[in-house]
1. Mind checking region A:174-268 for GluC sites (Glu not before Pro) that DSSP puts in a loop (not H, G, I, E or B) and that have at most 12 other Cβ atoms within 10 Å?
2. With a/c under 1.5 counting as rounded, go ahead and sort region A:214-309 into rounded, prolate or oblate using the C-alpha gyration tensor (a ≥ b ≥ c being the square roots of the eigenvalues; past the cut-off, prolate if a/b is larger than b/c, else oblate).
3. Residue A:581: accessible area at probe 1.4 Å, nearest 10 Å²?
4. Any chance you could look up the accessible area of residue A:241 with a 1.4 Å probe, heavy atoms only, rounded to 10 Å²?
5. Residue A:275: which aspartates and glutamates have alpha carbons under 20 Å from its alpha carbon, excluding same-chain residues fewer than 8 sequence positions away?
6. Considering only protein heavy atoms, what is the solvent-accessible area of residue A:617 at a probe of 1.4 Å, reported in Å² to the nearest 10?
7. In nanometres, what is the gap between the two model label sites at residue A:112 and residue A:404, each 7 Å from Cα along Cα-to-Cβ?
8. Can you list the lysines whose alpha carbon is less than 27 Å from that of residue A:194, not counting same-chain residues fewer than 8 positions off?
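The values are calculated or read from the model by the stated rules, or taken from the named source; none is laboratory data. Please read these numbers as outputs of a predicted model, since none were measured by experiment. Here the Cβ positions follow ideal geometry from the backbone for every residue, glycine too, while neighbour counts run over all protein chains shown. Note: areas computed on protein heavy atoms with side chains; ligands, DNA, RNA excluded. Shrake-Rupley method; radii C 1.70, N 1.55, O 1.52, S 1.80 Å.
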Amino acid sequence: MSETIRLVLPNGDAREVAAGTPAREVVASIGPGLLKAAIAVAVDGEVLDLTTPLRAGGAFVVLKESDPRSLAVLRHSGAHILATAVRRLRPDAKIGFGPAIADGFYYDFEVAQPFTPDDLAAFEVEMAKVAAEKYPFVRAEISRAEGEKVFADDPLKLERLAELGADEVISTYTDGPFTDLCRGPHVPDTSYLKNFKLLSTAGAYWRGDEKRQMLQRIYATAFWKKEELDKHLHQLEEARRRDHRVVGKQLDLFMMHHFAPGAVFWTDRGSTMVKTLMEFLRELQRDDYKEIMTPLLYNKGLWQISGHWDVYRENMFLVLDNETQEHDFSLKPMNCPSHHLMYAAKKHSYRDLPLRYNTYDVLHRNEVSGALSGLTRVRQFQQDDCHIYLMESQIADEVERLVRFITGYYDTFGLTATLKFATRPKERVGSDAMWDRAEAGLKAALDRTGRPYQLKEGDGAFYGPKIDFDVTDSIGRSWQLGTIQLDYSQPERFDLWYTGEDNTQHRPVLIHRAVSGSLERFMAILIEHFAGAFPVWLAPEQVRVIPIADEVMDNARDVTARLKAAGVRAVLDDRNETLNYRVRDGETMKVPYMAVIGKREAESGTLALRERGQGKKQDVIAVEAFIERVRSEIRTRALPAQATS
RNA sequence: GCUGACGUAGCUCAAUUGGCAGAGCACCUGAUUUGUAAUCAGGCGGUUGCGAGUUCGAUUCUCGCCGUCAGCUCCA
C-alpha cells in the first residue's frame, strides 16, 4: 500500500500521493476553494467522485459545474435520489438500472402496480426532501458475499451482481436510507440536486429484452441551474407545439385513418408540398439520372434472390395468390431488387456507367403496431431512392458528387448536415481487400469534399461501408436522413455485369442513395423545422388575396388570376367575413403573403401586402412588382428571413 | 408485438356517486360591405371507436377487438 502514484495537473504541476488516497484530499491540497466547487475528478479521462480512492496516476482534472461531464454525474446521482424517494413511498419496488442519459436520467423499477401521474408528483416532492436532507453519497467496496446480503431483496441487482467478473471491484453507494449497487461516480451529497423534473413514466423491458419482464421506467432530467432546466422544459414545450401531427391538422396537410394504420392521406395542400419536393429533386436529377417506375408487387422468387425472404419477411406485407392459395407475393419494402431486374434486362457498356436509376415508388414495410408514429414511422412511404451502378474506379468521384448533392439539398431548407462515415462491421460479406478498397474510396471522396465527418467504426452495412447524413433542425433536434451505401454484394446475388473496355464482363459496384429518407418523414421534419411557416416556394398556399369589400371583387379576381398565370399558388378569399377575420385566418394558416385589396389599391393597380409574422407592417406595392417578387422567391427557393415561430 | 394512458359532433374539449349527451370553433342560412389576428342572429351536426356482458337504465362498470400516444438503445 505504500505505492505512490503520480497525478499531473492541467497546469503541468505533478502530485505524488499514496495509492488509495481519496480524490478529495488531492483536490483539497490544490486549494480549498477548488474543493468547494469540485463535483468530481477525471484521471486520464475516467470520471471518479471525490471519495474514490485513487489507484492509478495520470492526467488529473477537477470537474466543476462548468464541465459537461459533471452534469452526467449529477444526473446519475439524481437517479439514485429518485430511487431513494420511490423506495420511501413504495417500499415494494424492486430496483433495476438508473443511468444518466443524453438529456437527463431514468430509473427502472419492478412494481406490482404501475406508477400513475399522481405517483410521479409525489415522488418529485419526496426527491426534494431527500435532496434537502443532504445525505452524503458514501462509496463502499464490498465482497460478493456482502453484496448478496445487501441486495437479498432485489433480484435484479443480484442478477447484475452475478455477472460481475471475479476481478471487478464491487462497489455500492449509499445516500441516507438507500443503497445501490453502483460503479459511480456521484456528487458529494444529495443537496447538489436542486433543479430537476420528473417527465414521464413508461414500460421498459428489463435489459431491453422483450422476453424479460416489463419494468416501470421513470424519465427525469436535472440541470445545475434553474435557467437551464427551464430552457430545457421550454424546448420540450416548443417541440410539442411544433409537433407535425398537430400542425399538420391545423394547416390541413394530411390525415390518418384507422382503416389504414401507418399510411398517410395527403390533402390537396399536403400533396402540393410533396409534389413540390419531388419537382425540386427531379430538377436536381434531370440531367444525370434515369427516373424509372417499377412494380409494387412481386413474386417471392425475387425476394429469395435478394435474401429478403429469409431475413426480412417479418417486415414484408405478404399477399395471397388466389390461384395457389399461398402467400407467394409481397409488396416491395425496398427498391433495389426491382432496379436490378431492370439493369439485368440489358447489356451495359462501361461507357454507360455510372448508370443512375432514381425513383419515388411507394414502399411498404410492416412495422409492428407499437412502432408507428405520425409521419415519422409509417408502413407505406415514398423514398427518393437511387441506385447507381458503376465501376470501382468511379467510386470516389461519384461519392463526392453525391455528398455535394445531398448537403446542397439540405442547405436549401436551412438544415445543417453532419456526416458519419461507418466502416466494416464484424458481421460482413466480402474480402478484407474489398473492404480496404471500398473504405479507402469512400474516405478519399469524403476528404475531397472538405466536409468534416465523424468516424463510426464497425457501423457499416453488412455489404459495404456507408456515409450517413444526420440533420439538425431549427430547435436543435437531430434526424438521420440521407445515406450513401457502397454495396459489392447485391451485384453478385443478381448476377449483374457490364462489358469493359477489354470486351470482357465485369461486376459493377452498387451505390444505394437516399436523400430525404422517406418523403413522409421528411415532411414531418420540415413541418417541425419551420413550425408550419414554410418558405414561399414550398408553401401550399403562397398568396391569399383578400378584397375588403364586394366593390373591389372584380379587381381581386383579376389579381388572383394574374398571380396564378404567373405560376403562383394564389387563393382568393371571397368569404363574407370581416377583414379582421380573414387576416386572422391567413395568419393562422401561415400563408406567407396576404394581398389586401381595397378601393385605393384597386384604383391604383396596387395591393396592400401583409407578410406572415410581420403584423401590421404593410407595404403598398404595384401588382406587377409583387408578382415578380414572389416569382423570384419561388425561383431561388428563398428561405424565410427568420425561422418564424 | 409488449407495458401503460387514451378514444364523446369536422376540430378542441365538457358531462356530479351509472339517470334525457353539452360548449366554443368550423359548416349552412340570413343580416352586415368591412382598411390588417375572431361582426351579429338563427340553424345543421352524435348508434359516445367497434362488439359483447352486468344493470330497470351504460359515455360512465367488466371483457374482447380496432386505433392513437409515450416508452421498450444509451449497459450496476
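1. A:210
2. Working: a/c = 2.15, a/b = 1.63, b/c = 1.32.
Prolate is the answer for region A:214-309, as a/c is 1.5 or above and a/b outweighs b/c.
3. 110 Å²
4. 110 Å²
5. Straight-distance partners of residue A:275: A:252, A:283, A:287, A:291, A:361, A:384, A:385, A:411, A:520, A:528, A:541, A:633.
6. Looks like 110 Å² after rounding.
7. So the two model labels end up 6.9 nm from each other.
8. By straight Cα distance, residue A:194 reaches A:36, A:64, A:94, A:129, A:134, A:225, A:226, A:231.
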